[in-house]
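Below you'll find the structure, written out as structure tokens, and then a few comments.
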Amino acid sequence: MKRIEISAELASILPDFKIGAVSFTCEVKKSDVINELINDIQNNIRLKYSLSDVLEIPNIKAARNGYKALGKDPSRYRLAVESLFRRIVKGNDLYRINDTVDLGNVLALLTERSIAVLDEDKINGDILVRIGKQEPYEGIGRGPINIENIPVYCDDLGPFGTPTSDTERTMITDNTKNVLVFIISFNGDYYLQDNINQCISLYEKYAMAHSFFSQII
């Protein structure tokens, strides 16, 4: 696994910002193996939540408060996990990409945290998670995004991910072999090991993943 560090500046403002990181190997494919799982999760969310309820989900509320502490409006720059919940509550189904990416969305819904699913081989050097500046950034399918004052995952080439949207440079493709998953917590590491165990279980069961390594940063 890559060396991962949270900057002192970010940690000083958000002392409860933690990352559960999981790396593994798997074959990327698209199948119907998780259709039933996704349908069950979507149905449960629609029964349980309204749009206003989504903002009160503890992990999402903590993340929104984290954005506010950094000086970012979480309603203009929504966290990826909040966007997923809102999409489902509005009656839309999850976008389907491939099993590896789709399981990341499943994990986000189960943990109620933003999840990054990354091609580890496309990450150059060590990873520093810092506060974003005014710098070029293009989100997957979203075009330019203002990443100033939100947590940003950076390598030697620059930013490649945030809790709002990741970039095409490190996204999963059919050629991906080695995967790195970030589970982003704004409220400490108390449940992060459980979230890591969920991640390993999902990818082991549905993606035939192996060679797992995990840590909490």
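The values are calculated or read from the model by the stated rules, or taken from the named source; none is laboratory data. Just so you know, these numbers come straight off a predicted model, no measurement behind them. Neighbour counts run over all protein chains shown; Cβ positions are idealised from the backbone, glycine included. We work out accessible area using only protein heavy atoms, side chains counted, and drop any ligands, DNA or RNA first. Shrake-Rupley method; radii C 1.70, N 1.55, O 1.52, S 1.80 Å.
Being over 19 Å from the mean Cα position of the chain (by Cα) and not in a helix (DSSP H, G or I) is the filter here, so list the residues in the range 31-55 that pass it.
The answer is S31, D32, V33, Y49, S50.
Do you know which residues across the range 98-112 are charged (D, E, K, R) and open to solvent by 10 Å² or more (accessible area, probe 1.4 Å)?
If the condition is that a residue be charged (D, E, K, R) and open to solvent by 10 Å² or more (accessible area, probe 1.4 Å), then E112 is the only one that fits.
With the requirement that a residue be over 23 Å from I97 (Cβ atoms) and more than 15 Å from the chain's Cα centre (by Cα), what does the range 132-170 give you?
Selection gives G132, K133, Q134, E135, P136, N146, E148, N149, D156, L157, G158.
I need the full set of residues from the range 141-166 which are surrounded by fewer than 18 Cβ atoms within 10 Å (Cβ to Cβ) and either over 18 Å from Y67 (Cα atoms) or at pLDDT 95 or above (or both), in order please.
Once the filter is applied, which keeps residues that are surrounded by fewer than 18 Cβ atoms within 10 Å (Cβ to Cβ) and either over 18 Å from Y67 (Cα atoms) or at pLDDT 95 or above (or both), the range 141-166 yields G141, R142, G143, P144, D156, L157, G158.
Say we look at the range 60-85 and pick out the residues that are in contact (Cβ under 8 Å) with a residue 60 or more places away in the chain and over 13 Å from the mean Cα position of the chain (by Cα); which of these is nearest to L10 (Cα to Cα)?
Only one residue tops the list, namely L70.
When you go through L84, L107, L94 one by one, which is the residue that is in a helix (DSSP H, G or I) and either touching a Pro at 6+ places or on another chain (Cβ under 9 Å) or farther than 24 Å from I4 by Cα (or both)?
Going through L84, L107, L94 in turn, the sole match is L84.
On the basis of being in a helix (DSSP H, G or I), open to solvent by 10 Å² or more (accessible area, probe 1.4 Å) and either at pLDDT 95 or above or closer than 21 Å to L79 by Cα (or both), does R169 make the cut?
For R169, the condition - in a helix (DSSP H, G or I), open to solvent by 10 Å² or more (accessible area, probe 1.4 Å) and either at pLDDT 95 or above or closer than 21 Å to L79 by Cα (or both) - is met.
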